[in-house]
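The values are calculated or read from the model by the stated rules, or taken from the named source; none is laboratory data. All values derive from a computational prediction rather than experimental measurement. Cβ placement follows ideal geometry from the backbone for every residue including glycine, while neighbour counts extend to all protein chains displayed. To get the accessible areas, we keep the full protein, side chains included, count just its heavy atoms, and leave off ligands, DNA and RNA. Shrake-Rupley method; radii C 1.70, N 1.55, O 1.52, S 1.80 Å.
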Amino acid sequence: MSIFHFKKFDVKNERSAMKVNTDGVLLGICAPIQPSDRQILDIGTGTGTVALVLAQRLSGTPIGEGTVITGIDIDKDAAGEADENFRESPWSGILTALHTPLSEYNPDCGFDLIVSNPPYYDDSLTNPDARKATARHTGDGLSYREILAFAETRLNTGGRLCIILPADQEKELLRYGRMHGLHPSNILRIKTVQRKAPSRTIVTFKSGERAVPVEDCLVIMEKGSYTRQYLSLVKDYYLFA
C-alpha cells in the first residue's frame with residue numbers, strides 16, 4: 001500500500017488518480033485560513049491532502065462549534081480514499097468527504113473559504129488514463145471557471161476563494177474572476193529556482209472587495225537545496241523539513 005507520511009498525519013495514496021503533490025501541499029499551507037472560519041470546501045479533494053493540511057492549521061486555533069471542512073470529488077475512488085484518510089486523521093471530527101461533481105453539489109450553507117487545485121492541462125495533451133485525465137484535464141471535468149461561478153454565489157460575506165494554477169493561466173484566471181465579481185487580494189508566484197519564470201501561482205479572491213493585491217514570490221530550490229523560505233513554510237508538515 002502506498003502511504004505518504006506527514007509529520008502529524010498519513011495519506012493513503014493509492015486509489016486516487018492524483019497523488020500527493022507539492023501544488024496541493026502549498027495550497028493548503030498558503031490558503032488564508034482564519035480562526036473564525038466555520039465552513040471550508042476543498043473542490044477536487046483527491047486524497048484529501050489539502051483538507052488535511054487545513055485541518056492541521058485549524059487545530060492550532062480554538063475550533064468553533066460547527067466547524068466543518070468538506071472535500072468533494074467527482075471520482076468515487078478518490079472520494080473514498082479521502083474519507084479513509086479523514087477518518088484516520090487526528091481531526092476526523094471536522095472532516096467530511098463526498099463523492100459528487102461540483103455541478104451537482106447543492107450544500108445548505110455558504111462557505112468562509114473555498115480552495116481548489118483544479119485540472120489545468122490542455123485537451124491536446126489528454127492523459128490516456130481516463131481517471132487521470134478527469135483529474136487533470138480541463139476538457140474532462142472541472143474547470144476553474146466553474147469554480148469561480150460556484151464561489152460567486154456560495155462565499156459568505158468576507159469569504160475567500162484560493163486556487164493554484166500554472167502561472168501562464170494567471171491573467172485568464174484574474175479576468176474570469178472579475179467577471180464573477182471576485183477580486184484578487186493575494187497573489188503568490190512560485191518558482192522552482194530563482195532564474196526561471198514562475199511555474200505556479202496561488203491566487204486568493206474576495207467577493208466584492210477591490211484592492212491592490214499583495215504580491216509575493218516563493219522560490220523552492222537554490223543551488224540544489226531547498227530554500228530557507230520554502231523550508232520555513234513546510235516545516236510543520238514534511239518529514240524532511
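Residues in region 38-57 that are crowded, with 24+ Cβ neighbours inside 10 Å and either outside any strand (DSSP E or B) or at pLDDT below 95 (or both): G44, T45, G46, T47, G48, T49, V50, A51, L52, V53, L54, A55.
Taking every residue in region 154-172 that is under 15 Å from S185 (Cα atoms) and pairing it with any residue that is among the aliphatic types (A, V, I, L, M) and assigned to a helix (DSSP H, G or I), at least 6 positions away or on another chain, the pairs with Cβ-Cβ distances below 7 Å are L161/A151; C162/L27; I163/I147; I163/L173; I164/L26; I164/L27.
Is one or more of the residues making up region 58-70 of a type outside the set (V, I, T), touching a Lys or Arg at 6+ places or on another chain (Cβ under 8 Å) and modelled with pLDDT of 95 or more? Within region 58-70 (the criterion being of a type outside the set (V, I, T), touching a Lys or Arg at 6+ places or on another chain (Cβ under 8 Å) and modelled with pLDDT of 95 or more), the answer is no, since none of the residues qualifies.
A search for C-beta distances below 9 Å between a residue of region 16-36 that is farther than 15 Å from P166 by Cβ and any residue that is open to solvent by less than 30 Å² (accessible area, probe 1.4 Å) and aromatic (F, W, Y), counting only pairs 6+ apart in sequence or on different chains, returns V20/F6; V25/F6; V25/Y237; V25/Y238; G28/Y237; I29/Y237. Criterion applied to E14, E84 was being of a type in the set (D, E), outside any helix (DSSP H, G or I), open to solvent by 30 Å² or more (accessible area, probe 1.4 Å) and out of contact with any His (no Cβ under 8 Å at 6 or more places or on another chain), and the one residue passing it is E14. Would you confirm whether or not region 135-143 contains a residue that is modelled with pLDDT of 85 or more and over 21 Å from D77 (Cβ atoms)? The answer is yes, given that some residue of region 135-143 is modelled with pLDDT of 85 or more and over 21 Å from D77 (Cβ atoms). Scanning region 105-122 for residues that are modelled with pLDDT under 95, touching a strand residue (DSSP E or B) at 6+ places or on another chain (Cβ under 6 Å) and surrounded by fewer than 15 Cβ atoms within 10 Å (Cβ to Cβ) turns up nothing. Filtered by the rule that a residue be part of a helix (DSSP H, G or I) and more than 27 Å from T227 (Cα to Cα), region 166-207 gives K171, E172, L173, L174, R175, Y176, G177, R178, M179. Candidates are the residues of region 208-226 that are of a type outside the set (V, I, T) and outside any strand (DSSP E or B); the one that is least open to solvent (accessible area, probe 1.4 Å) is P213.
Among the residues making up region 181-206, those that are open to solvent by 40 Å² or more (accessible area, probe 1.4 Å) and more than 20 Å from G28 (Cα to Cα) are Q194, R195, K196, A197.
Scanning region 154-166 for residues that are crowded, with 17+ Cβ neighbours inside 10 Å and either more than 21 Å from T45 (Cα to Cα) or not β-branched (V, I, T) (or both) returns R154, L155, G159, R160, L161, C162, L165.
Screening the candidates T67, T47 for the property of being within 12 Å of the chain's Cα centre (by Cα) and of a type in the set (S, T, N, Q) yields one hit, T47.
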